[in-house]
Amino acid sequence: MGVSTLLDRAAATSWLDRVARPLRAAAGAVLRPRGLRELLQGVPIGHALHPVLVQVPVGAWTSAAVLDLMPGQRRAADVLISVGWLGALPAATAGWADWSAQRPEHQRVGLVHVTANVLALGLYAGSLVARARGRRLLGRTLSYSGYAVAGTSAYIGGHLVYRQAAAVNHAASVPYLAPGDWSAAGPLSDVPEGRPVARMVDGIPVCLYRDGEHLYALADRCSHLAGPLHDGDVAAGAVTCPWHGSTFDLADGRRRGGPATAPQPSFDTRVRDGQVEVRYRSVRNRS
Ligand code: FES
């Protein structure tokens, strides 16, 4: 059985939710300030911050592993292991912020990822202690073991992103699937006033919202984790996703808040002979 299959099984192991629950509650308490949470989730840079911060421990520990093979580089290797250890802390905090707003299947595999990272940190901490006591062979054995575990953990992180699609833009395919021209979205009389509804338009779920003279259309599947926007609440010109509370401007899909880091694809609208028509608002079509 492959490692991916084992991780798929972990994703389906519901008893892990008992471990996830208090960690999620702790994230809610510790990361309550909105600015801090959004910074850690990568909102200012437009996607998750975690993979950026991970460069510090990965780079430092890789360099230490090389220096440990070179004569006269002991001190430099020790310093780099410490740098990697300290650099892992902000990376872990950013990962925690992402993890706290993921689906249960992601969180279960995320717990395996965290367990491997904690083990790697423990091995590196033991290595630093051994090195400080002059036990170089033990120190190097522990750090190479930590490096192997950290590499395994990186594989698990890749599984989360590339296989389970955690922390990716779930609306990214809309620009590729949407036809460039106007498409029928059903009769205007079927779109109630003041309540979002979903319509399939050329195979794309679209959320329509009617507010007096104005008719808005956004891709219905939330960019965060594909939550159904038509089940969300609308207030002050924005719709809030019912799953994790990301909020998007109805007029242009701009993100106003929540864990989503990408905007929501938006559509131009018009009414012809009582029929609603929408057209994906590509960069070219944006006024
Ligand atoms: S799916 Fe998470 S905020 Fe929409």
Output the residue which, of all residues in region 201-218 that are closer than 13 Å to Val174 by Cβ and hydrophobic (A, V, I, L, M, F, W, C), is farthest from the ligand (Cβ to nearest atom). Val201
Which residue, of Ala171, Ala167, Ala184, is buried (at least 19 other Cβ atoms within 10 Å of the Cβ) and over 29 Å from Leu86 (Cα atoms)? Ala171
Pairs under 7 Å by beta carbon, first residue in the same structural domain as Ala97 (by TED's automatic domain parsing) in region 26-42, partner assigned to a helix (DSSP H, G or I) and surrounded by fewer than 19 Cβ atoms within 10 Å (Cβ to Cβ), six or more apart or different chains? Leu40/Thr93
Scanning region 219-247 for residues that are part of a strand (DSSP E or B) and near the ligand (Cβ under 9 Å from one of its atoms), the one most open to solvent (accessible area, probe 1.4 Å) turns out to be Arg221
Residue check for Gly35: within 27 Å of Asn169 (Cα to Cα) and touching a helix residue (DSSP H, G or I) at 6+ places or on another chain (Cβ under 8 Å): no
Looking at region 13-39, which of its residues are surrounded by 12 or more Cβ atoms within 10 Å (Cβ to Cβ) and of a type in the set (A, V, I, L, M, F, W, C)? Leu16, Val19, Ala20, Leu23, Ala26, Ala27, Val30, Leu31, Leu36, Leu39
Criterion (under 32 Å from the mean Cα position of the chain (by Cα), closer than 24 Å to Ala20 by Cα and outside any loop (DSSP other than H, G, I, E, B)) met by exactly one of Ala92, Ala65, Ala148: Ala92
Give the number of residues within region 248-266 that are within 9 Å of the ligand (Cβ to nearest atom) and open to solvent by 10 Å² or more (accessible area, probe 1.4 Å). 2
Conditions: (1) modelled with pLDDT of 95 or more; (2) more than 30 Å from Arg270 (Cβ to Cβ); (3) of a type in the set (A, V, I, L, M, F, W, C). Trp182 meets all but one. Number of the miss? (2)
Return a yes/no flag: does region 125-141 have any residue that is more than 28 Å from the chain's Cα centre (by Cα), under 27 Å from Ala20 (Cβ atoms) and in a helix (DSSP H, G or I). yes
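The values are calculated or read from the model by the stated rules, or taken from the named source; none is laboratory data. This one's a predicted model, so the numbers in the text were calculated from it and none came from an experiment. Ideal geometry is used to build each Cβ from the backbone, glycine not excepted, and the neighbour counts take in all protein chains shown. Protein only, heavy atoms only, side chains kept; ligands, DNA and RNA dropped before computing areas. Shrake-Rupley method; radii C 1.70, N 1.55, O 1.52, S 1.80 Å.
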